[in-house]
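Worksheet: one structure, shown below.
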Amino acid sequence: SQQGEEDPQALSIQEGENATMNCSYKTSINNLQWYRQNSGRGLVHLILIRSNEREKHSGRLRVTLDTSKKSSSLLITASRAADTASYFCAIIQGAQKLVFGQGTRLTINP
Amino acid sequence: GAVVSQHPSWVICKSGTSVKIECRSLDFQATTMFWYRQFPKQSLMLMATSNEGSKATYEQGVEKDKFLINHASLTLSTLTVTSAHPEDSSFYICSAPVTGLQETQYFGPGTRLLVL
């Protein structure tokens with residue numbers, strides 16, 4: 001079953017602005033991951049944050065994790081048109097099985 | 001980096017026919033692969049776990065006789081949609097765990113199935 005809920009479901013911003021997406025989950029986790037999906041394509045792994053980490057950076061990406069609130073956020077700074085995609089958070093259930101949130105559809109307007 | 005490929009990328013078939021989708025790990029071995037299904041503007045739903053040399057493990061609600069999975073080698077898993085119907089039209093994506101970092105996965109580019 002879907003464990004993650006993301007908001008907003010859709011986000012449209014101007015190029016150069018920052019984009020923030022949020023994810024909530026229900027169970028205890030060892031880590032939480034973020035993936036990107038371009039339209040009609042497979043998913044690309046962006047970043048993994050472990051349960052003992054509060055914040056992690058990768059290039060223009062910043063991920064936070066609050067295990068007490070069972071929530072995570074993904075911030076994309078200085079957005080570009082190429083960042084237009086759907087973004088999913090995911091947690092592991094059982095043996096390696098990824099369970100995805102509903103996703104946020106991000107549109108960057110030039 | 002490691003790549004997962006899928007074939008075909010899209011397929012159109014008549015209702016009642018069977019369709020086979022291949023998922024290959026191109027430069028690494030995968031004892032486990034996963035099959036997902038995604039409807040438009042929705043998230044990925046795990047259908048089954050494909051295990052090399054043994055039976056696949058299906059998620060609750062997924063008909064194993066309808067979605068046949070065969071993991072015949074360490075680089076190939078196939079999903080066969082048997083007696084396809086229009087409601088089976090969807091985007092099917094496979095994935096394989098990353099060697100040395102089993103918590104993350106490489107995803108194939110997906111196969112779009114349209115059943116008429």
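For region A:1-48, residues that are assigned to a loop (DSSP other than H, G, I, E, B) and touching a residue at least 40 places away in the same chain (Cβ under 8 Å) total 17. Evaluate region A:70-77: report whether one residue or more is over 18 Å from A:D7 (Cβ atoms), within 14 Å of another protein chain (Cβ to nearest Cβ) and part of a loop (DSSP other than H, G, I, E, B). Scanning region A:70-77, I find no residue that is over 18 Å from A:D7 (Cβ atoms), within 14 Å of another protein chain (Cβ to nearest Cβ) and part of a loop (DSSP other than H, G, I, E, B), so the answer is no.
Counting only strands (runs of 3 or more DSSP E) that fall entirely inside region B:24-116 and contain at least 3 residues that are more than 14 Å from chain A (Cβ to nearest Cβ) and surrounded by 15 or more Cβ atoms within 10 Å (Cβ to Cβ), the qualifying elements are B:67-73, B:76-81. Within region A:85-109, the set of residues being in a strand (DSSP E or B), at the interface with chain B (Cβ under 9 Å from one of its Cβ atoms) and of a type in the set (A, V, I, L, M, F, W, C) comprises A:F88, A:A90, A:I92, A:L98, A:V99, A:F100.
Search region B:6-23 for residues being touching a Leu at 6+ places or on another chain (Cβ under 6 Å) and exposed (fewer than 15 other Cβ atoms within 10 Å of the Cβ), and hand back the single one that is nearest to A:R105 (Cα to Cα). Result: B:I12. On inspection, A:I108 fails the criterion of being modelled with pLDDT of 95 or more, farther than 25 Å from B:M33 by Cβ and touching a Leu at 6+ places or on another chain (Cβ under 8 Å).
Filtering region A:38-62 to residues that are within 14 Å of another protein chain (Cβ to nearest Cβ) and of a type in the set (A, V, I, L, M) leaves A:L43, A:V44, A:L46, A:I47, A:L48, A:I49.
Results for (1) within 30 Å of A:D7 (Cβ to Cβ); (2) over 14 Å from the mean Cα position of the chain (by Cα), shown as yes or no for each residue.
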| residue | (1), (2) |
| --- | --- |
| B:M45 | yes, no |
| B:D65 | no, yes |
| B:A72 | no, no |
| B:D88 | no, no |
| B:V115 | no, yes |
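Being basic (K, R), buried (at least 17 other Cβ atoms within 10 Å of the Cβ) and out of contact with any His (no Cβ under 7 Å at 6 or more places or on another chain): is that true of A:R36 here? Here the answer is yes, as A:R36 does meet what is asked.
The values are calculated or read from the model by the stated rules, or taken from the named source; none is laboratory data. All values reported here derive from a predicted model rather than from experimental measurement. Because the Cβ atoms are built from the backbone with ideal geometry, glycine has one as well, and the counts that use them run over all protein chains shown.
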